[in-house]
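Data first, discussion second: the structure below is written as C-alpha cells.
The values are calculated or read from the model by the stated rules, or taken from the named source; none is laboratory data. This one's a predicted model, so the numbers in the text were calculated from it and none came from an experiment. Note: ideal-geometry Cβ built from the backbone for every residue, glycine included; neighbour counts use all protein chains shown. Heavy atoms of the whole protein, side chains included, go into the accessibility calculation; ligands, DNA and RNA do not. Shrake-Rupley method; radii C 1.70, N 1.55, O 1.52, S 1.80 Å.
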Amino acid sequence: MESQSNKSSGDEPIKGPTAPDEPAQLPFSKRSLSEWLRSRFSEGQRFIILCLVAGLLCGLAAVGIHLSIHRVFDLAWEFAHHWESAGVPWWLVMPWIPASAGLIVGIAVNRWAPGCVGSGIPQTKAAFYNEFGQIPLKTAVWRFLLTTVYVGGGNSLGREGPTVHMCAAIASSLGRTFGLAKARVQAMVPVGVAAGVAAAFNAPISAILFVFEEILDDFSTKALSGIVIAVVVADAIARILLGEDPILQAHLGDQHGVHWWMLVAIPLGVSAALIGHLFTGSVLGFRQWCADRLKVPNIIKPALGGLLVGIIGTGAFFATGMFGDPQNTVFSIGYESLELAFESKLVVGAVAILLVAKLVAVVVCYGTGGSGGLFSPTLYFGAMLGALWGLLTLQFAEWAGLNPYEEGNRLVGACVLLGMGAMFAAIIRCPFTSLFIIFEMTGNYSLILPLMTGNILAYSLSGWMRKIPIYNAILIQDRVTLRKMPTYRGAQDYRNLPVSTIMHYDLITVTAAETPAEALKRLRETPEQLRRSYPVVDGELNSRRGFLGMVMQHELEEQAEASPDLTVREMIAEQKVQTINPETSIRDAAMRMVKADIRQLPVVSATDPGRLLGVLTLNDIARQQNAMNDQLGRE
C-alpha cells in the first residue's frame with residue numbers, strides 16, 4: 001500500500017505543454033513495454049500484434065540469411081581463385097574452405113550452440129510439443145551465424161530449415177518477452193515457422209500448408225489468423241528486398257490439355273519414391289554411424305565432412321565440364337544448377353553426375369553434424385531426376401518420330417518441375433505443400449495433372465516403404481519421444497507404428513558390479529531417479545552398452561536385506577530377458593507383454609542386442625490407446 005500512496009504524478013498522462021527541462025514521458029517510461037501492452041491490450045490482441053511483429057522480424061531474418069550465404073560463398077570462391085596468382089591451383093584450395101567452415105561449426109555446436117546442428121525443423125517440432133514452444137533467442141543468432149558460415153562455405157545443405165528454426169526462435173522469444181501465456185507462446189512457434197518458409201521460398205500459401213502438415217499435423221483453423229498475418233508481412237518484406245520474381249524462373253509457356261509425354265509422371269513418381277527412400281535411409285544410417293563408430297572428437301566431424309564435400313564438389317565441377325558459375329555444381333545451395341536444368345542446358349551424363357554427387361554430399365554434410373537444411377537438397381535431387389527423365393523422354397520422342405513440343409527444352413523443364421514436386425513429397429512427406437510450393441517457386445501453374453499424379457504416387461510409395469518421415473525419424477534417433485505429436489496420438493492406427501515412436505529414452509541404469517544396497521543408496525540420493533525397474537549394464541554407470549537384464553525396485557530392496565553381499569549380476573544370473581527392437585510394431589510388443597505377463601520390454605538395437613536404446617511399458621501403450629479414444633471422441 002505504501003508504494004501505491006507514494007506514486008509519482010509522472011505516472012499520469014501529461015496534459016498541456018511540457019517544460020523545456022522535462023522531456024516528454026512515454027506511457028511506458030517507468031514500466032516495461034511488456035507491462036504497458038498488458039495494460040492496454042487483451043491476450044488475444046497482444047498475440048495478433050506480436051504475430052505482425054514476428055512477420056516483420058522473420059522476413060528480415062530470412063532475407064538476411066539468404067543474402068549472407070550467397071555473399072560468403074562468393075567470397076570463398078574468390079579466395080580459392082586468388083591463390084592462382086601465387087601458382088596454387090584453385091582446386092587444391094577449394095576443398096579446405098568447406099572443411100574450415102565445418103571446423104568452425106563443430107567448435108560452436110559442441111561448446112555454445114548444441115541445438116543448432118542439422119536442419120532445425122526436428123528441433124522446432126520437439127520444442128513445440130515437448131517444451132511449450134520455448135526456444136531461446138540465442139538459437140536464432142547462432143543459427144544465422146553457423147548456417148551462413150557452413151552453407152556459405154560451400155557445404156551442400158540448404159538454408160530453409162535453419163530459417164524455420166531461426167524464425168521459430170524469434171517468434172517464441174517475442175511471446176515470452178511480452179508476457180503471453182504458455183499456450184500462446186507455443187502458438188507463436190508455427191507463426192514463426194510460416195513466416196520463415198514464406199520469406200525463404202517467396203511462397204505464402206505453401207508456408208501455411210507446411211505449418212499445418214509438418215508442425216501442427218492437422219488443419220485446425222484456431223491458429224490460422226496469426227499465421228496468415230505473419231506470412232503476409234514476411235513475404236511482403238522478402239518481395240520488397242529481393243524482388244517480385246519467383247525463386248526459379250520456369251518459362252514453359254502455356255501448356256493446355258493433356259499430352260502423351262505427361263505419362264512420364266508415373267515412372268518419375270516411382271523413381272522419386274525409391275531415391276527418397278534411399279536418401280532418407282542413407283542420412284539416418286550415416287548419421288548413426290558417425291555418432292557411434294567414427295572415433296574422432298565431435299568437434300572434428302563436421303570438418304572431415306566438409307573436406308570430403310569439397311573433394312566431391314571439385315570433382316563434380318570438372319567431371320561435368322561446368323566451368324561457368326561456381327554454384328552450378330554441388331557446392332552450397334546450388335539453385336543455379338536448377339536453372340540450367342530448366343533450360344535443358346545439361347546433358348544426361350552431367351545430370352546423373354550432379355544427382356549422385358549432390359546426394360552423397362548432402363548425406364555426408366548432415367551425417368557429420370553440419371548446420372543446414374534438407375529442403376533445397378530435396379528440390380535439387382528432384383530437379384536432376386526430372387531433367388534425367390525429360391532428356392530420356394526427348395530422346396524417345398526423336399526415335400519414335402514424335403514431337404512433344406516445338407522446343408524440346410520445354411519438355412525437359414516441365415519434367416524438372418514434376419521431379420521437384422515428387423521428390424519433395426517423397427522425402428519431406430507434405431503432399432499439399434509439395435504441390436503448391438512448385439507453383440509458387442516457379443510461377444507456373446500449367447502442369448497440375450501430371451504434378452498431382454507424380455506427387456501422390458511418390459508420397460504413397462515412400463510412406464509404404466518407410467512409415468516414419470525423415471524429420472520424425474531424426475527425432476527418434478536423437479531419443480526424443482513423439483508421443484505428444486498428433487500423428488502418434490491416434491490420428492492413424494498407432495498399433496502398426498514402431499515402438500520407437502512412444503518408448504522411453506531417458507534411462508537410469510544399475511551396474512552389474514553394484515550390490516543392491518549400493519545401488520539403492522545412489523538412487524535415493526537423487527529421488528527423481530527412482531523408478532519401478534532399472535536396466536542392468538555391464539560397464540560404466542548410465543551406459544547403454546553391455547545390457548544384461550532388468551531389475552525391479554522391490555527386488556533390490558528385498559536382496560539388500562536378505563543378501564547384502566550379493567551383486568546385481570548374481571541377482572539376474574538366471575533371468576531370461578525378452579527384448580524388442582525399435583522397428584517392432586506396438587501391436588506385436590503389446591501381445592508379447594500380455595503373453596509373458598510382464599509390464600515392460602527393453603528395446604535394443606537390431607544389429608547389436610547388447611546396446612540398450614530404451615524401454616517400452618504398458619503405460620506407454622495405454623496412453624496411446626486413451627489418446628486414440630479421445631481423438632475418435634472429438635471426431
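With every protein chain kept in place and ligands, DNA and RNA left out, what is the accessible area per residue of the range 85-193? Probe 1.4 Å, answer in Å².
Result: 32 Å² per residue.
I'd like the distance between the alpha-carbon centres of the range 548-616 and the range 365-390, rounded to an integer number of Å.
42 Å
Starting from 0 in steps of 10 Å, tell me what percent of the Cα-Cα pairs of the range 501-578 lands in each bin.
19, 56, 22, 2
Could you please report the charge total around residue 374, scoring K, R as +1 and D, E as -1 over all other residues with beta-carbon less than 13 angstrom from its beta-carbon?
Once positives and negatives cancel, what remains is +2.
What does the convex hull of the alpha-carbon atoms of the range 24-183 project to on average, in nm²?
12.5 nm²
Can you compute log10 of I(q)/I(0) for the range 157-202 with the Debye formula, treating each Cα as one identical point scatterer, at q = 0.28, 0.30, 0.31 Å⁻¹?
Scattering profile of the range 157-202, log10 relative to I(0): -0.88, -0.95, -0.99.
Quick one, what does Rg over Rh come out to for the range 138-244 if you take C-alpha atoms and the Kirkwood Rh?
Value, to two decimals: 0.98.
Would you rank 563, 460 by solvent-accessible area, highest first, keeping every protein chain in place and using a 1.4 Å probe?
460, 563
So what's the net charge close to residue 363: Lys and Arg +1, Asp and Glu -1, counting the other residues with Cβ under 14 Å from its Cβ?
So the environment of residue 363 carries a net charge of +3.
Please give me the summed charge of the neighbours of residue 113: other residues whose Cβ is under 11 Å from its Cβ, Lys and Arg +1, Asp and Glu -1.
Summing Lys/Arg as +1 and Asp/Glu as -1 gives +3.
For the range 73-168, what is Rg from Cα atoms divided by 2.2 N^0.38 Å, rounded to two decimals?
Relative to the 2.2 N^0.38 Å estimate, the range 73-168 comes out at 1.28.
Would you check the accessible area of residue 149, probe 1.4 Å, heavy atoms only, in square angstrom rounded to 10?
50 Å²
Tell me the accessible surface of residue 82 in square angstrom (1.4 angstrom probe, heavy atoms of protein chains only), to the nearest ten.
Its heavy atoms expose roughly 120 Å² to the probe.
In what order, largest first, do 129, 534 sit by accessible area if the probe radius is 1.4 Å?
129, 534
For a quick check of your reading of the filter: which trypsin sites (Lys or Arg not before Pro) in the range 335-442 sit in a DSSP loop and have no more than 16 other Cβ atoms within 10 Å?
Hits after loop and neighbour filter: 345.
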